[in-house]
Amino acid sequence: MMEVILTVRMPDNWVKDIGKKFSAPIKFIECMPYGESGGRGLIEIDTTGEEVNEIVEEIRKHPDVCRVDISPMKNGGLLGSIVTNKCIACRVLTGSDCFLTNALSLGDGRVEWRLITGKEGSLSELMERLEAYGCETELKSTNRLNKRSMLTSRQDEITRAAFEKGYYDYPKKITMKELAKFFDISPSTLAEIIQRGERKVMEQHFKEKH
């Protein structure tokens with residue numbers, strides 16, 4: 001298995017349109033299919049000040065966006081989930097043997113994908129599918145996967161805090177609502193981050209057992 005950095009320039013979509021108006025990068029922590037052709041993403045936007053409200057408003061009114069649940073973070077920026085009625089990334093990744101660990105908009109219409117490849121040839125197949133959808137791709141780097149945690153930095157931060165503050169104790173020393181308040185995000189967003197983090201921890205644990 002390899003860890004890969006791939007840049008992708010997609011046809012017009014909400015990420016590209018928001019990137020034209022604002023310089024703040026959009027980081028995709030999770031990305032999954034939703035409905036027949038849509039997608040659901042857990043995103044983080046690194047921005048502060050008055051621009052925050054403007055970005056949220058632009059995202060809400062974009063024709064591709066169906067639902068938005070975004071909250072300001074305690075230390076600045078935004079974190080939340082977005083549901084869209086079309087998502088090329090989700091369609092292409094579904095059924096592929098490549099796994100998206102995170103993605104970051106570069107502000108020029110491109111998005112940088114960090115991927116874990118599966119079987120031999122899975123990367124070339126993915127790139128061919130992207131290009132068939134009208135995307136431009138460029139392979140930036142490949143590295144053999146080492147034995148490290150597969151958690152994103154945000155998942156690591158939140159699951160570690162949940163553990164240290166007693167969320168996994170019995171009885172619990174802190175509730176989901178209290179933990180969400182600590183990070184200044186909605187309970188639904190926090191629950192999604194924790195669930196994704198837990199899944200990756202378990203996947204890594206059981207792989208090491210074989």
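The values are calculated or read from the model by the stated rules, or taken from the named source; none is laboratory data. Small disclaimer: the values here were computed from a predicted structure and weren't measured. Here Cβ is always computed from backbone atoms with ideal geometry, including for glycine, and neighbour counts include all displayed protein chains.
The criterion of being in contact with a Ser or Thr (Cβ under 8 Å, 6 or more places away or on another chain) and among the aliphatic types (A, V, I, L, M) holds for residue 42. A single member of 101, 7 is more than 13 Å from the chain's Cα centre (by Cα) and either polar (S, T, N, Q) or in the same structural domain as residue 186 (by TED's automatic domain parsing) (or both), and it is 7. Report yes if residue 52 is among the hydrophobic types (A, V, I, L, M, F, W, C), modelled with pLDDT under 85 and in contact with a Gly (Cβ under 9 Å, 6 or more places away or on another chain), otherwise no. Yes; evaluated as a whole, the condition is true for this residue.
Of all residues in region 172-188, those satisfying the criterion of being at pLDDT 85 or above and either in the same structural domain as residue 68 (by TED's automatic domain parsing) or not small (Gly, Ala, Ser) (or both) are 172, 173, 174, 175, 176, 177, 178, 179, 181, 187. In the set 122, 141, 81, only one residue is of a type in the set (S, T, N, Q) and touching a Lys or Arg at 6+ places or on another chain (Cβ under 7 Å); that residue is 81.
Checked against (1) assigned to a strand (DSSP E or B); (2) among the hydrophobic types (A, V, I, L, M, F, W, C); (3) modelled with pLDDT of 90 or more, residue 59 passes all but condition (1).
Conditions: (1) buried (at least 17 other Cβ atoms within 10 Å of the Cβ); (2) touching a Leu at 6+ places or on another chain (Cβ under 9 Å); (3) closer than 30 Å to residue 179 by Cα. Residue 33 meets all but one. Number of the miss? So residue 33 meets the others, but not (1). Total residues in region 100-123 satisfying the condition of being surrounded by fewer than 16 Cβ atoms within 10 Å (Cβ to Cβ) and within 17 Å of residue 143 (Cβ to Cβ): the figure is 1. With respect to the conditions (1) more than 27 Å from residue 183 (Cα to Cα); (2) small (Gly, Ala, Ser); (3) modelled with pLDDT under 85, residue 77 lacks only one, and its number is (1). When the residues of region 36-49 are filtered to those that are crowded, with 16+ Cβ neighbours inside 10 Å and more than 16 Å from residue 180 (Cβ to Cβ), the one that is modelled with the lowest pLDDT is 47. For region 6-49, which positions are part of a strand (DSSP E or B), over 15 Å from residue 109 (Cβ atoms) and not aliphatic (A, V, I, L, M)? The answer is 27, 28, 30, 31, 33, 34, 38, 39, 40, 41, 44.
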